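This report refers to the structure that appears directly beneath it.
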Amino acid sequence: MELASVIHSAVVRSGRAAASAARSLEVASQLRAAIMEGDDARIARLLSDLLRVRGLTKGQRVRLQSRTLLNLVHSLRSAALNDELTGLLNRRGFMQSATRLLDLALRDQQAVHLVYFRLAVAAADPARADDACRRDVLLRRMGNFLRDSFPSYGVYEVLGRLSGGEFAALTPLAEHAARSPIMLRARTPEHGRDAPALPVQVAVARFDPAVPAAIDELLHSAAHQLSQAVTPVLETSVIDAASAGSAPRSGLTLA
């Protein structure tokens, strides 16, 4: 009988903990949305509700409040560094992660390749919802294309959407920065689907640890190369920032 009581109490505590965690995520999501929308009244109401959760002890309320605020911090940090439309890093997130990867490459004396993409994205007419929809679909396709082309992103590689149609990938794997495979995939981006080719231009800049360059210098060089060259869409310009060579498969890992 005593064992059954102990088991029952444990189940009840476990259920309360699960409910508390779920409530924490729910409130954090609502708070994030309210903060993004600048809805001060909703923010105040959610925080007030959080302080008056019924059925919990004072200690449980404090833990719920702490967990909710921590989840909110993580959510806002992710929103600050990621592009919501494509799921890739935004410019700020890319610059931060790419700088860490270049620091590791310099420490380990390994070459790294910056692959810079310029996607032809037409300006959407605000009065036409279908224009905006087509534009968003194209940008999402580009995000998926980059994830397929650089499968080690988040570990050995960094992917980002830098601006409207400007994307970049940083990789220590020379085969992932090879010209022909990238362009072939851009022509047939989705396997098994009748999708048009991605209207993209590409430039590749090589980071040489013997002559190190910052990530913004690599980006500037790649963008400048595309601006100077009369390069039709789906053709590739290649910048060799140092002598040609293949980077060995790296043991670099992003923290």
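The values are calculated or read from the model by the stated rules, or taken from the named source; none is laboratory data. Because the structure is a prediction, the values reported are computed rather than measured. Neighbour counts are summed over all protein chains in view; Cβ atoms, including those assigned to glycine, are modelled from backbone coordinates with ideal geometry. For accessibility, only protein heavy atoms count, side chains too; no ligands or nucleic acids. Shrake-Rupley method; radii C 1.70, N 1.55, O 1.52, S 1.80 Å.
Taken together, 198, 146, 159, 218 contain a single residue that is under 21 Å from the mean Cα position of the chain (by Cα) and part of a strand (DSSP E or B), which is 159. With the structure loaded, tell me whether residue 169 is modelled with pLDDT under 90 and touching a strand residue (DSSP E or B) at 6+ places or on another chain (Cβ under 9 Å) or whether it fails that test. Judged against the criteria, residue 169 is not a match.
Return the residue satisfying two criteria in turn: it lies in region 121-138 and is touching a helix residue (DSSP H, G or I) at 6+ places or on another chain (Cβ under 9 Å) and either over 21 Å from residue 201 (Cβ atoms) or at pLDDT 95 or above (or both), and of such residues it is surrounded by the most Cβ atoms within 10 Å (Cβ to Cβ).
Let us first name the residues in region 121-138 that are touching a helix residue (DSSP H, G or I) at 6+ places or on another chain (Cβ under 9 Å), namely 121-126.
Now drop any that are not either over 21 Å from residue 201 (Cβ atoms) or at pLDDT 95 or above (or both), which leaves 125-126.
Details: 125: 11, 126: 8.
Looking at residues that are touching a helix residue (DSSP H, G or I) at 6+ places or on another chain (Cβ under 9 Å) and either over 21 Å from residue 201 (Cβ atoms) or at pLDDT 95 or above (or both), I get 125.
Beta carbons closer than 6 Å, at least 6 apart along the sequence or on distinct chains, pair a first residue in region 169-184 that is assigned to a loop (DSSP other than H, G, I, E, B) with a second that is of a type in the set (Gly, Ala, Ser) and open to solvent by less than 20 Å² (accessible area, probe 1.4 Å) for 172/247; 172/250. Would you check if residue 54 is among the basic types (Lys, Arg), at pLDDT below 95 and either assigned to a helix (DSSP H, G or I) or open to solvent by less than 50 Å² (accessible area, probe 1.4 Å) (or both)? Criteria not met by residue 54. For the residues 61, 141, 118, the requirement of being touching a Leu at 6+ places or on another chain (Cβ under 8 Å), surrounded by 15 or more Cβ atoms within 10 Å (Cβ to Cβ), assigned to a helix (DSSP H, G or I) and modelled with pLDDT of 90 or more singles out 141. Reported count of residues in region 69-90, each being open to solvent by less than 70 Å² (accessible area, probe 1.4 Å) and either in contact with a Lys or Arg (Cβ under 8 Å, 6 or more places away or on another chain) or at pLDDT 70 or above (or both), is 14.
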